[in-house]
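Notes follow once the structure below has been shown.
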Amino acid sequence: MAVDPSVKIDIAAEFTGRKAFNKADTATQKLTKNVKSLAKGFLGVFAAQKLLSYSKASVKAFAADDAAAKSLGITLKNLSLAYGSNEGTVSAFINNLERQTGVLDDELRPAMDRLLRATGDVAKSQELLNLALNIAAGTGKTVTQVSQSLQKAYLGQTAAIGRLGVGLSKAELASSSFEDIQKKLNTLFAGQSTAAAETYLGSLNRLTIASNNAKEIIGKSLVGALQSLGKDDSIATLASNIEGAATSLANFTDSLVYLKEQVKSIPGAGIFGYLFSGVTDLLGRFSPQRLAELIKGIKGFQGMGNVAMTGGSNVDTQKFELKQKKLAEAKIKADKLAAANKLKLEKAAAVFDIQRIQIAAALKGKITDEEKTRLLLMQAIEEGNADKAEALSKKLEEIQKKNEAIAKSLTEISAATNPFEAWVDSLGAAVALLAGLGSQSTGTGMPALVNPDGTLTPRGKKNIPTGGDSPSAAEVATPAAIIETVVNTAEEIAKAADAVVKAAEVITGDAARSSDANKPNFGIGGQPLYDQNGMYDYSDYLATSSGSSGTTSVDNSVTINVEGSVLNGDDFNEIMNRAMLDNIRKGLSQVPAGTLP
Amino acid sequence: MPVGIKGGIELRKALKKFTPDLAAETQKEMANLLKPIVSKARGFIPSKTPLSGWAKAKSYGVFPVFEGQTAKGGIGYKTTPSKVNKSGFKSLARIQNASASGAIYETAGRVNPNGREQGAAFIVQLPGHADFGKNKVGANKGQGRSRNPEAGSLFIQAINQHGTIVDANNQTGRGRRSRKMKGRVIFRAWKEDGGKTNAAVIKAIEISRDKFNKAVGYN
């Protein structure tokens, strides 16, 4: 059962806040939130309304400016001054003046118009307009007033200038011509408008100019957009269309984005960049879906004519640009294909080119290097290959130079010299050296063959045959004879060496030993036999005469029966070795009985 | 209104979080302080019913039946924080009289010391009425429905014989004194305690606060 809240005693109670207050607090917070969101919504609506009114104003501004421009154009035409670049010059002049001085073109154009009608001359009108600006800046009067006074003064009514407070007396004005008055005024008010433009007020005026120009530009864009949509292109109808057309708002978004870029180019209009950023941000709050639906609803909208869109959300302009890009890409592709086709055709045509055929045929023949180069050069020229032609022509020049050098050298060939003439001298020197060596032999060399006095030494007598056809000592002493003797002696020595080798072979009794002196011999046990000099030594295994005390020999001779025939010592040797190896493989003892390991 | 403190709830939370043993100890101490006063309060409830008819259960109506043991059992204490009341207060401990009969005994005569006015009795005269000829009482809000016009007064007199209403509110100074601190049982015990228990409880809270601060190194 719930406790009656009145029947209790609270101890150590603490105030933690009333529920009602908390509820109220929450309610207030909710209320605040709702108010804020309401405010935002309201602002959004308000901003949209502001934009709408701005767009209307911009259209009107453009309309007024357009009217003024047309009016000036008509004046020029009426005065027969609308020739050449006059109209453009006047417009540009006015635009520049506007930017420089901060005076609206709404004033400048009518002033110019007025002066043109009075003077009938563009240059004079420009001078007077400049003067009017200076006077207006100096006196504080409006450009319209001053231009009117100047117009009247030009036409003879100089009193109007006096009313401006320019500092000229009535007498001066009455007695002077307009040119004199103009000169005086130029002197008095020179540079006034420029100085005024540099002041703070002047800067503000210039910003105002920028803003108004922006308005006119927007208006122009809007007009252009809506004209492309609507059937009726009158300004009045368009202005009323703006009120209800959601499409105009979509275009307006694009215009603003474009305008943002344009405003940047206007001097002194940087501040408005923020304005337009804010506006575009505001407009960006429209849901993209809704905007897309709006844009879809625009039929036949192809962008804003010649106005280039630099950004924004104009889907159609983007599509147009994409299309242009695709066309450009297609064109590039087509050009490439055409170039490739042309190349192919040229190549095919080359097959029927007689000149080229002849060159190709000539190249296949047996020709010199120069002729080949010449033909290749002709071929390169026919093909139009400049690089190849240049390289070949250089090569041809080099070949021609070489040929010239060869021809020149051929014509300058001298009598052939005896190449062996020098041999006799060199051999003689060699023999002299040998002779010198021989005469000095004391055991380091062989004994001399010829004594210094030319007589033969005993060795020489022995070696150098005499008698019969043998040359005499004197003849031997001559270089030729010595050479012959030396050569003969060398042959003899070689023969002797061969005999020695053979004798050595016989002495050693190893007929199987061939010219390879390092071939090992094997003993009975199959072991190789070497002496202390590394030569064969099997003397221990040969039978020797007994009787010497202390030395006994072991007869280790083995009798080997060979089936078949032994043609030479090599076969015998081979048979021996094979037998030994077989014994080793079979594991038979290779050591005679009783021998120590 | 009892003595208000500040930070007691947070202290209890901190105690439970960082020093649970201290929190339990504090709670136990508070209970020990409240037990005597609760016992005293229980003693103020009569074992027998002040009115014989009150102990009889009726087949009609929902007036609770008085039963001594039940009434005494309804008197107790709590050492846990309560819910926030209408005034925005939350208590760390409380003594309560939770039974219906005990609450009636506690508070009867608090608003109307001479008993509540009874509605006018009448006999239904309208023929065709379901209660035609029956005695009825036409009572407004705040009026009793007894046919005895002295019913309220007699009830309170009977209860007052066992114990009178005591005002335990010792609030001084400006402001209207609340009648909510009047009663025969717990409020009487509280009055008779003289605020000692309240002071002891707050003292215990302060001691636990100091112990906690010492334990966490806040000092």
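Working only within the stretch A:337-395, note down all residues that are of a type in the set (D, E, K, R) and outside any helix (DSSP H, G or I).
Result: A:ASP353, A:LYS366.
I'd like to check something: does the stretch A:14-33 contain any residue that is more than 14 Å from chain B (Cβ to nearest Cβ), at pLDDT below 80, closer than 30 Å to A:LEU129 by Cβ and open to solvent by 30 Å² or more (accessible area, probe 1.4 Å)?
No, that holds for no residue.
Within the bounds of the stretch B:177-192, is there any residue that is at pLDDT below 80, open to solvent by 60 Å² or more (accessible area, probe 1.4 Å) and away from chain A (no Cβ under 12 Å)?
So far as the stretch B:177-192 goes, yes, one or more of its residues are at pLDDT below 80, open to solvent by 60 Å² or more (accessible area, probe 1.4 Å) and away from chain A (no Cβ under 12 Å).
If I ask for residues that are in contact with a Ser or Thr (Cβ under 6 Å, 6 or more places away or on another chain) and in contact (Cβ under 8 Å) with a residue 40 or more places away in the chain, which ones from the stretch A:118-135 would you list?
A:LEU133, A:ASN134
Just name the residue that is farthest from the other protein chains (Cβ to nearest Cβ) out of those in the stretch B:8-37 that are closer than 24 Å to B:TRP190 by Cβ and either surrounded by fewer than 18 Cβ atoms within 10 Å (Cβ to Cβ) or of a type in the set (D, E, K, R) (or both).
Here the residue is B:LYS28.
May I ask you to verify whether B:ILE123 is away from chain A (no Cβ under 14 Å), over 21 Å from B:SER153 (Cβ atoms) and touching a strand residue (DSSP E or B) at 6+ places or on another chain (Cβ under 6 Å)?
Yes.
For the stretch B:80-103, what are the residues that are buried (at least 20 other Cβ atoms within 10 Å of the Cβ) and at the interface with another protein chain (Cβ under 10 Å from one of its Cβ atoms)?
Matches in the stretch B:80-103: B:SER91, B:LEU92, B:ALA93, B:ARG94, B:ILE95, B:GLN96, B:ASN97, B:SER99, B:ALA100, B:GLY102, B:ALA103.
Out of the residues in the stretch A:77-102 that are more than 27 Å from A:GLN192 (Cβ to Cβ) and at pLDDT 80 or above, which is surrounded by the fewest Cβ atoms within 10 Å (Cβ to Cβ)? Walk me through it before giving the result.
If we filter the stretch A:77-102 for residues that are more than 27 Å from A:GLN192 (Cβ to Cβ), which is where we start, we get A:77-88.
Now narrow it down to the ones that are at pLDDT 80 or above: A:77-78.
Values: A:LYS77: 13, A:ASN78: 11.
Out of the qualifying residues, it is A:ASN78.
Would you please list the contacts, defined by Cβ atoms under 6 Å and residues six or more apart or on different chains, that run from a residue in the stretch B:9-21 that is without any contact (Cβ under 8 Å) to a residue 40 or more places away in the chain to a residue that is assigned to a helix (DSSP H, G or I)?
These pairs meet every condition: B:LYS16/B:ALA23.
Go through B:ASN160, B:ASN135 for me and flag whichever is at pLDDT 90 or above and more than 14 Å from every other protein chain (Cβ to nearest Cβ).
B:ASN160
Within the stretch B:105-120, identify whether any single residue is open to solvent by less than 20 Å² (accessible area, probe 1.4 Å) and within 11 Å of chain A (Cβ to nearest Cβ), and answer yes or no.
yes
So which of A:ALA159, A:ALA123, A:ALA132 is surrounded by fewer than 20 Cβ atoms within 10 Å (Cβ to Cβ) and either of a type in the set (Ser, Thr, Tyr) or touching a helix residue (DSSP H, G or I) at 6+ places or on another chain (Cβ under 7 Å) (or both)?
Numbers: A:ALA123 fails: either of a type in the set (Ser, Thr, Tyr) or touching a helix residue (DSSP H, G or I) at 6+ places or on another chain (Cβ under 7 Å) (or both); A:ALA132 fails: surrounded by fewer than 20 Cβ atoms within 10 Å (Cβ to Cβ).
One residue alone meets the criteria, A:ALA159.
Conditions tested, residue by residue: (1) within 22 Å of A:LYS170 (Cα to Cα); (2) in a helix (DSSP H, G or I).
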residue	(1), (2)
A:LEU76	no, yes
A:SER80	no, no
A:ARG109	no, yes
A:LEU131	yes, yes
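The values are calculated or read from the model by the stated rules, or taken from the named source; none is laboratory data. As the structure is a prediction and not an experimental result, all values here were calculated from the model. Because the Cβ atoms are built from the backbone with ideal geometry, glycine has one as well, and the counts that use them run over all protein chains shown. Accessible surface areas use protein heavy atoms only, side chains included; no ligands, DNA or RNA. Shrake-Rupley method; radii C 1.70, N 1.55, O 1.52, S 1.80 Å.
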